[in-house]
Amino acid sequence: MKNRLHMTLAMGVAALGLMAGNALAETELRMTWYNDGIEGEVMRGILDKFEADNPDIKVTLDVVPYKAILESLPVQLAAGEGPDIARVTDLGGLSKYYMDLTPYISDPAYWEENFGPFLKWLRQPGDTSSISGFMTQLTVTGPYVNKTLFEQAEVEMPGEGATWDDWAKASKEVADKLDIPIPMAWDRSGHRVAGPAISMGAKMFDADGEPALVDDGLKLMATKLYDWHQDGTMAKELWGSVSGSQYLGANEDFANAKVVMYMSGSWQIPQFADTIGDAFDWWAVPAPCGPAACTGMPGGASLVALKTSKHPEEVGKLMDYLSSEEVLGEFYGKTLFIPGHLGLASKGVDFATDDPRAKHALSTFSSAVPSISPIAFDLQGYVNNRVMFNALISRLGEAIVGELTLDQAFDRMTQDVEQQIAEKKRGG
Amino acid sequence: MALEDTTRSKSDSGPSLLNAIAAWPVRVLFTILDVPLRGLQRLLGIRAMPYVFILPNLAFFGLFVVVPLFINFAFSVTGGTNLYLDDRPFVGLEQYGFLFDCGNYLDPTTCREDRFWRGVFNTFTFVFFQVSLIVLFSLITALILNREIRGRGFFRAAFFFPVLLSPVVVALIWKWILLRDGVLNAFLVSMGLDPVLYFVSPTWSMFWAIFVSVWAHMGFYTLILLAGLQAIPPDLYEAAEMDGTKRERVFFRITLPLLWPNMLVVIVLALIKAVQIFDEVFVLTGGGPGTATQFIVQYIYTTGFSNQVQNFGLAAAASVVLGVVLFVLTLLQLAASRRKDEA
């Protein structure tokens, strides 16, 4: 009995010793992440495989709300308290906090070859060589329509080359016939407005490459948005119900069939496939046209390594694994995200869906990539683009609810951009 | 009788034993502390001992209130977007100049930082209505709850209950009620009426911001007034009744004057709290529509944290301005408390 007790104790001590040894040898990497759909689950599955192959590295996935990525993460990073890796969307704005992975990855040429055009979105002005991360998804903004409502109302959907006015008119007609509360809804986001504004002729930058938000093209698009809110084509609940640059989406209203046409982007596909399914035909349509182009805005989320990491080698190892064609193919396929990997984009991804609506949407957005305006790419890569987006959205919102006239709003947009960029140049 | 005595002595010995057990760790602690404290008293003298006792609290207060105040002021005279003061350029009073650069202070559109001034005007409107209504409804409720009504205990608890809820929970509950598909609109539709989009209208948004805030906080102030009402000697009312004094005269000549010190505390406390309004309205209306319910604290938060260019200097300057307002209100509260003590 006594011997057995001794033996048990000895085994317990040995087990504790082993556990302590493992704990000492293990490197913990923290990855800050947000979810649009199921990508967190997919990523966790991939990380489990990585951990199984690399027992000395543990990766903790800290899932936070998207708002925390926009507002809390920058403060954390400025304080030097950030995670090792993060999924971000303000690609250029946070670039000063990114780690250059080049010394820690096995094949920088592979990264250049497959992520080349997107790597420059992650670089500081003047930097032409650093590698900091890869796109977990490439996104393209564009509209969805509730095709079933069009069919029920017996209104023909505008065809290829249709303008925003054509779509606004048709959506209003459907809503009026079927008593749908919101004919057209746009996410309350400057990024969403930028594509249509460029289609209307907005240049976004002056001849010296400096930001020039307000021009005739932007005024044209902003005036349309303003008018649609006044005539009931768009509901004020989104653009008029909150202040400043707060984001509001109409995805839930669209999923509940309360919206005829919804301007958002490709990232909604997995969510709509999941929440709407076959309840009605949700149909992605090509970006409506203006006099200058028929473009949406590119964008997306990037997984970036951060300077705050104390384990750059392990981060490099993990990023190598995650960016491999095989792993990314699995990730894009399961999440229904448009690939931000050129090799996979040309070979095609085996998307894990049989939903014809999701397949159609993926095809619509993927085929929109070549027609994206170069101005849109430049704007997406510009480090202060959110300053421009925020000024646009907050001042236009104030005009829509009647606090400012449109002309006052345009003046304020210009002032806001100038003031904020001047503040940033002063030190930051 | 003998049986009764035995029972009493048994039941008395239980709590006293429990008390003795509970007091034991305290006694041990005092015994341990006694030696160093006596030594300290010998060293510093008995006059310094009160300061020794308040030192831990003072240290916390200094660390978490006074030091941040100075840091905040230091931020307000710097510019740029760097987080650490060492990296931030000194700009003097430029941030204050930017905030106060107005063509006409009564017209925010003429101000360089129009949103700050809209925040000021919105806060002023909110404070005026919210404080007036909270004092009025708290007084009425306290007067009713002070009477011998059926279910008085239940109603006292019911009116106090919202005070216990987190402001975010309060706002989410009311948002759920007030949205397009909310409970209130469902009720209106069931009555054959059109739904009302409350958060699209500036007037409705301000109304609900004030209403929800009054609903959430009036229980606390009711309690203060109820305590004041119960402290009024009943013989004054009896004397008035014997004299056949009218009810209104009793209220204005006895109740209100004797309750006034409590009222003053309520007014000042409600004022301070109302000026600081942020969380519940931010969740309820998001500051909208436009900037119709954006108050000063939200302006500070947005400027300092939610814009891409985080303008800590400007946010800190606005905080200092708000701090000055709160300081004045706190002085008022201190004066009111002193008056109450004297009364």
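The values are calculated or read from the model by the stated rules, or taken from the named source; none is laboratory data. Bear in mind the structure is a predicted one, so any value in this text is a computation, not a measurement. For neighbour counting, all protein chains shown are included, and Cβ atoms are generated from backbone atoms with ideal geometry for every residue, glycine included. When the accessible area is computed, the model is the full protein with side chains, heavy atoms only, and any ligands, DNA or RNA have been set aside. Shrake-Rupley method; radii C 1.70, N 1.55, O 1.52, S 1.80 Å.
Considering the options A:Thr148, A:Ala197, A:Gln124, tell which one lies farthest towards the positive end of the dipole of the protein assembly as shown, charges being +1 on Lys and Arg and -1 on Asp and Glu at the Cβ, about the Cα centre.
A:Gln124
Determine the dipole magnitude for the range A:61-185: charges of +1 sit on the beta-carbon of Lys and Arg, -1 on that of Asp and Glu, nothing else is charged, the reference point is the Cα centre, and the result goes in debye to the nearest 20.
For this selection, approximately 280 debye.
Only Cα pairs under 8 Å and at least 6 apart count here; give the relative contact order of chain A as a rounded whole percent.
24 percent
Tell me, in nm to one decimal, what length is gained between B:Met191 and B:Phe121 on full extension, where the rule is 0.36 nm per residue of separation less the Cα-Cα distance?
Between B:Met191 and B:Phe121, full extension yields an extra 21.5 nm.
Would you calculate the separation in nanometres between label points at B:Thr109 and A:Asp411, each defined as 7 Å from the Cα along the Cα-to-beta-carbon direction?
Distance between label points: 0.9 nm.
Only Cα pairs within less than 10 Å get springs; with that Gaussian network setup on chain B, which residue of B:Phe128, B:Phe98, B:Phe252 has the largest fluctuation?
Sorting by GNM fluctuation, first place goes to B:Phe252.
In the range A:86-172, which GluC sites (Glu not before Pro) fall in coil by DSSP and have 11 or fewer other Cβ atoms within 10 Å?
Answer in residue order: A:Glu154, A:Glu156, A:Glu160.
Can you work out the accessible area per residue across the range B:115-342, with the rest of the protein chains kept in place, probe 1.4 Å, in square angstrom?
50 Å²
Could you do me a favour and compute the accessible area per residue for the range A:280-339, 1.4 Å probe, result in Å²?
Accessible area per residue: 31 Å².
Lys and Arg at +1, Asp and Glu at -1: add these up for the other residues within a Cβ distance under 15 Å of A:Phe377 and post the number.
Spelling it out: positives minus negatives among the neighbours equals +2.
For an R0 of 56 angstrom, estimate the FRET efficiency from the Cβ-Cβ distance between B:Met49 and A:Asn54 and round to the nearest 0.05.
The calculated FRET efficiency here is 0.40.
Mind checking which of B:Pro233, B:Ile272, B:Ser201 is farthest towards the positive end of the range B:115-342's charge dipole, using Cβ charges of +1 (Lys, Arg) and -1 (Asp, Glu) about the Cα centre?
With unit charges placed on the Cβ atoms, the residue in question is B:Ser201.
How much net charge surrounds A:Glu39 when only other residues with a Cβ under 13 Å from its Cβ are counted (Lys, Arg +1; Asp, Glu -1)?
Residues close to A:Glu39 contribute a combined charge of -1.
What number, in percent, do you get for the relative contact order of chain B if the mean sequence gap of Cα pairs under 8 Å and at least 6 apart is divided by its residue count?
The normalised contact order for chain B reaches 23 percent.
Taking the Cα centre of the range B:115-342 as origin, sum charge times position over the Cβ atoms of Lys and Arg (+1) and Asp and Glu (-1), and report the length of that vector in debye to the nearest 20.
140 debye
Are there trypsin sites (Lys or Arg not before Pro) in the range A:225-328 that DSSP puts in a loop and that have at most 10 other Cβ atoms within 10 Å, and which ones?
Sites meeting the loop and neighbour criteria: A:Lys310.
For a paramagnetic label modelled at 7 Å from the Cα of B:Leu93 toward its Cβ, which residues of the range B:54-86 fall within the zone defined by backbone nitrogen distances under 13 Å?
B:77
So if we plug the beta-carbon distance of A:Val369 and B:Glu248 into 1/(1 + (r/R0)^6) with R0 = 60 Å, what FRET efficiency do we get, rounded to 0.05?
0.15
Which one of A:Asp407, A:Asp320, A:Asp208 has the biggest mean-square fluctuation once chain A is modelled by GNM with Cα springs under 10 Å?
A:Asp208
Using DSSP to call loops (not H, G, I, E or B), can you name the trypsin sites (Lys or Arg not before Pro) in the range B:132-215 whose Cβ has at most 16 other Cβ atoms within 10 angstrom?
B:Arg147, B:Arg150
Using a Gaussian network model on chain A with a 10 Å cutoff between Cα atoms, which of A:Ala352, A:Ala255, A:Ala273 fluctuates the most?
A:Ala352
For A:Val387, what is the net charge nearby, where nearby means another residue's Cβ is under 10 Å from its Cβ and Lys, Arg count +1, Asp, Glu -1?
Within the 10 Å Cβ shell, the charges total -1.
Ignoring ligands, DNA and RNA and using a 1.4 Å probe, state the total buried accessible area between A and B in Å², rounded to the nearest 100.
3300 Å²
Run the simple label-point estimate for A:Ser324 and B:Gln41 please: 7 Å along Cα→C-beta, distance reported in nm.
7.4 nm
At what distance in nm do the modelled label points of B:Phe211 and A:Ser72 sit from each other, each positioned 7 Å from its Cα along Cα→Cβ?
3.3 nm
Leaving ligands, DNA and RNA out of it, report the carbon-plus-sulfur percent of the accessible area of the range B:115-342 at a 1.4 Å probe.
In the range B:115-342, the share of accessible area belonging to carbon and sulfur is 70 percent.
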